[in-house]
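S.K.: Dropping a structure here in structure tokens format, bear with me for questions.
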Amino acid sequence: MKFNRVWVFDLDNTLHNASPHIFPHINRAMTTYLQTHLGLDAAGAGELRLDYWKRYGATLIGLMRNHATDPQHFLRATHDCSVLARMVVREPGLRATLSHLPGRKLVFSNAPVHYAHAVLNVLGIADLFDDVFSIEHTGYRPKPDCYGFLKLFRRNRVRASACIMVEDTLANLKTAKKLGMSTIWVARAARLPAYVDFSVRNLLQLPRLAWHLN
């Protein structure tokens, strides 16, 4: 039986574990950026970064709306790819799992495109994906805004109902389900919200779900 679905993967904390090293590194870089360009002390910059993240879903959006920050300048300054090789935490067997997973595969991330490609290269899986759809491609309207999802569908000529969203963030999965996608939550979860179809502790469990989702 032919597998007719399209896998749409989040990047950070889905295809790799960004929490131990990469997220703290990026957060420090963002705080430093705010200090440098807004003239804040470390405490004030840290508070503003978190405030914008909570209010807008991304620090960058708050900076663009309130300070006319150039998004490309910010993203290049805060997502240093030279350190990734020693910071990425990968799942052993990830490439083999994805290689044997039937169907097309896309990446949809709120991260910048240069960073997303760099992470995929460090993981050794870049060649397995047909598209890497990043914050630039959404017009800087990050998930869970539905705008980026709709652009992803158009760009890749796919229907929402043909797609399976694999994510660690519930808000993004909620939007995915509203649009008609199947949803897989990457989490250790005892209970699932109504908008989540399945959960997996790690991506190595995906092959057993593939035929249930066709």
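The values are calculated or read from the model by the stated rules, or taken from the named source; none is laboratory data. Keep in mind that what you see is a predicted model, and the values were worked out from it rather than measured. In case anyone asks, the SASA skips ligands and DNA or RNA and just uses the protein heavy atoms, side chains included. Shrake-Rupley method; radii C 1.70, N 1.55, O 1.52, S 1.80 Å.
S.K.: Angle check, please: helix 146-156 long axis (alpha carbons) against the longest principal axis of the chain (alpha carbons), in degrees 0 to 90, nearest 10.
M.R.: Approximately 60 degrees, to the nearest ten.
S.K.: Taking every DSSP beta bridge that has both residues in the chain, what percent is antiparallel when rounded to the nearest 5?
M.R.: 5 percent
S.K.: Using only Cα atoms, locate the centre of region 55-118 and the centre of region 119-160, then give the distance between them in Å, rounded to an integer.
M.R.: Taking the Cα centre of each part, region 55-118 and region 119-160 sit 11 Å apart.
S.K.: Using a 1.4 Å probe on the protein chains only, how many percent of the accessible area of the chain belongs to carbon and sulfur?
M.R.: Accessible surface attributable to carbon and sulfur in the chain totals 51 percent.
S.K.: How tilted is helix 113-123 with respect to the longest principal axis of the chain? Cα atoms for both, answer in degrees (0 to 90, nearest 10).
M.R.: 60 degrees
S.K.: Run the count for the chain, please: Lys pairs, Cα-Cα under 14 angstrom, 8 or more apart or on different chains.
M.R.: 5
S.K.: With axes computed from alpha carbons, what is the tilt in degrees of helix 170-179 against the longest principal axis of the chain, rounded to the nearest 10 within 0 to 90?
M.R.: 50 degrees
S.K.: Here's another thing I want to ask about it. Need one word for region 79-152: rounded, prolate or oblate. Basis is the Cα gyration tensor (sqrt eigenvalues a ≥ b ≥ c); a/c below 1.5 gives rounded, then a/b vs b/c decides.
M.R.: Because a/c hits 1.5 or more and a/b fails to exceed b/c, region 79-152 counts as oblate.
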